[in-house]
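One structure below.
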Amino acid sequence: MRNLLGRSRGIRILNVTLIVLVLGAATAAIAAAGRDDTEDRPPATAGVERGVVVSTVSADGNVEPPSDLSLGFETGGEVTDVAVEEGDRITRGQLLARIDDRSARSALSSALESLDSAREQLRDTRAGKTADELDRNRRTLTQSRTAVDRAETDLRNARSSAGTNVATLRRAVRRARVTGEQAQLRASRIRLSNERVEVRENRLRYRRLEALADQLRADLDALREEQRERTNRQTDSAARRARLEAEVGSAQSDLTSASGQTGSASADEAQACSAMPADPGGCADARDDRARAEDDQRDAQRDLDEAEDDLHEARREDVDHTQAVTNLDFQVQQLETRRAAVERDEQTAKGDLDTSRATVRQYVTEVDGDETSLREARRNLGTQRDQLDNGVEQATQQIDQARSGLASADASLRVTEAGNRVDEAGADAAQVASDRANVASAAAAVQDARQALDETELRAPADGVAARVDSKVGEVVGASSPSLGGAGGSSSAAGSSDAEGADAGAGGSATGASSAGSAGAGSGTVIALTQLEGLEVQAGFSETDAARVSPGDTARISVDALPGQEFAAHVVEIDPEETLVDNVVTYDVTFFLDTPQGPLKPGMTATTDVIVEESDEVLAVPKPAVRSPAGSSPTATVVHADGRQEARLLVTGLEGDSSVEVVGGLGEGEQVVVPGAAPPADG
């Protein structure tokens, strides 16, 4: 787990030490003045527990395809190892290069000695000191003061030497600037960015037209199927109508024949019944024949009526089918016309997309050419400019090293002075708390020193290919373009501010990422990394938040289109140049996704939550429990088992999003008042 408490190097060490020296007296005074009468109902409380304190910053951005990275060291120095060559395949975390780490190791050794001294002093405070030990403490104090004097002299000498050397180098620099090439490159990048936007718009238009054309084709197929069914029904209806017309003709013939038979039977009846002499049997037979003929005539008339009704219905259906087929023909014609128009638009959109893509390739070539020209122009500034850059970097490094040595020596002196005072006065609770805070401060200094040592190694922030190696062993390189967070690498560290003397180990890797547009001696760029796959997220952070972000910081990514899903990522690059929109300054931060992207697509809107500081396994209380009046040290109110309340002066560490790290003043398991929270219910 990374410990980022050491970022503000040398500041909290002194502040914590000075605060805890007055811890005993201040705690007693506050306790005497802060004991309030308990109310009828006890206040809301929370326990002092060990846990994780996390501080995050957030910003919105977009998912983007992978881009190239220019990598360099956070601090300059002489290159002692280059572990890759151009064209090598690189994996995240792989060692790329190393600079001279002797001064960093020396600073770490000094910080470890101070930590050992602070722990030993804590043990001595608890056990008490003998006369010989007190005398040894006095000698140690003299040595610490001597070390501070020597460190101050080293700092003065470093400043004087740096001023002389830099002034000499600046007088030697009379080279032309590269503003023209920079402006050309910036203009080319703007054209490329605008054309990429055009490609996205054309792609969306083409896909929309492609989907519409597919839909129209499907609709046309369905309409044609319906047209075929209607045509078949029309054919069947025409055949049925022809059959019924034939049946009507046949029925009419049957009716005519039946009518003729009825007339003939009626004549036979009249003849038979009127014959003289009368024949009763023949008359009866004639009547029966006439009756049968009339029945046949009625049956024929009924058959004719039914056939005519069926024929009428068939003719109506035939008209309906004919009208439906006509309507379908018209709809098919209209749909074919619309489909043809959409397909023409689709082809036009595809042509526009191909043209835009070709233009992007052209602009990419132009940008590459402009970058090459810019690199040449920078190289042409000559050896004197390189020497100036290297000289300034070396001078800055020497001054920083001298300052670090002074801060370490001064912290060691203060720890020794505080320890001696405790030893001479005898141990009490305030002195033990002070020594615990000193152990925490020394552990923080160790973390800082280990981080500085980690930053002498350059490691890959993401997978990719080494497109360019701009440094070699023996060269003195400058720092990469300064990141706003003050630390260009990420370091893994595990530590503890436990006053009992728990070990504060550290170890890990540092990665530096810079967006510098060119390479060359003194520019800070060591290796150009081309990412081959994966996705990035780019988000614009405010000035305040960007100052807290560093390459290597872990982050959580969520997207509006995928609610409930989060993706792990880490910071690979912070743009050194601000972006100004509507008088609001932001800095673009690039994240590389660590987990499979799954449904993520370029262009999706994303929200980034960056873990800028984190302390693991530390004592912590809720933020409302800590009161920090202006100009005063933070305090908290402790509730004892008997209900008595006591105000305590605190030594705090990291202030997280919802909790605050407690370095001194409270013990694990104690209860503190949480203003604003609901008190426990009676009974």
Using 0.36 nm per residue, how much length does the chain from Arg287 to Ala270 gain when fully extended, once their Cα-Cα distance is taken away? 5.2 nm
If the only charges are +1 at each Lys and Arg Cβ and -1 at each Asp and Glu Cβ, what is the size of the charge dipole of the range 532-683 around the Cα centre, to the nearest 20 debye? 620 debye
Selection from Tyr363, Leu304, Ala267 lying farthest towards where the dipole of the range 186-374 points positive, charges on Cβ: Tyr363
Based on alpha-carbon centroids, what's the gap between the range 579-653 and the range 64-78 in Å, whole number please? 28 Å
The range 289-399: Kirkwood hydrodynamic radius (Cα pairs, Å) comes out at 24.1 Å
Positive dipole terminus of the range 520-677, leading residue within Val663, Gln645, Ser550 (C-beta point charges): Gln645
Which peptide among 461-470, 574-583, 299-308 comes first, and what is the full order, when sorted by highest mean count of other Cβ atoms within 10 Å? 461-470, 299-308, 574-583
Please work out the Cα center distance from the range 540-560 to the range 303-374, rounded to the nearest Å. 48 Å
Taking amide H positions as placed in the peptide plane 1.01 Å from N, state which residues far from Arg459 in sequence (5 or more) or on other chains have amide H under 5 Å from it. Leu96, Ala510, Thr511, Gly512
Shape of the range 186-374, Cα gyration tensor, a/c cut at 1.5: prolate
Provide Ile399, Ile99 in ascending order of the number of other Cβ atoms located within 10 Å of each residue's Cβ, fewest first. Ile399, Ile99
How large is ³J(HN,Hα), in whole Hz, for each residue of the range 566-580 in order, when computed from phi with the Karplus curve 6.51 cos²θ - 1.76 cosθ + 1.60 and θ = phi - 60°, using x for Gly and Pro? 10, 10, 6, 8, 9, 6, 10, 7, 10, 5, x, 9, 6, 10, 10
Ranked from highest to lowest mean number of other Cβ atoms within 10 Å per residue, what is the order of the peptides 336-342, 251-257? 251-257, 336-342
Can you figure out the FRET efficiency of Arg189 with Glu226, using R₀ = 60 Å and their beta-carbon distance, to the nearest 0.05? 0.60
How much length is gained on full extension from Ser160 to Arg217, taking 0.36 nm per residue of separation minus their Cα-Cα distance? 12.3 nm
Using the 10 angstrom Cβ neighbour count as an exposure proxy, how do Phe591, Phe330 rank, fewest first? Phe330, Phe591
Hz values of 3J(HN,Hα) by residue in the range 253-264 - Karplus curve (6.51, -1.76, 1.60), Gly and Pro given as x: 4, 4, 5, 4, 4, 5, 5, x, 5, 5, x, 5
Name the residues whose placed amide hydrogens come within less than 5 Å of the amide hydrogen of Met604, ignoring near sequence neighbours (fewer than 5 apart) on the same chain. Val63
Could you run the Karplus curve 6.51 cos²θ - 1.76 cosθ + 1.60 with θ = phi - 60° over the range 210-222 and give me ³J(HN,Hα) per residue in whole Hz, x for Gly and Pro? 4, 5, 5, 4, 4, 5, 5, 5, 5, 4, 5, 4, 5
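Coordinate-derived values only; no laboratory data. Bear in mind the structure is a predicted one, so any value in this text is a computation, not a measurement. Cβ atoms come from the backbone with ideal geometry, glycine included; neighbour counts cover every protein chain shown.
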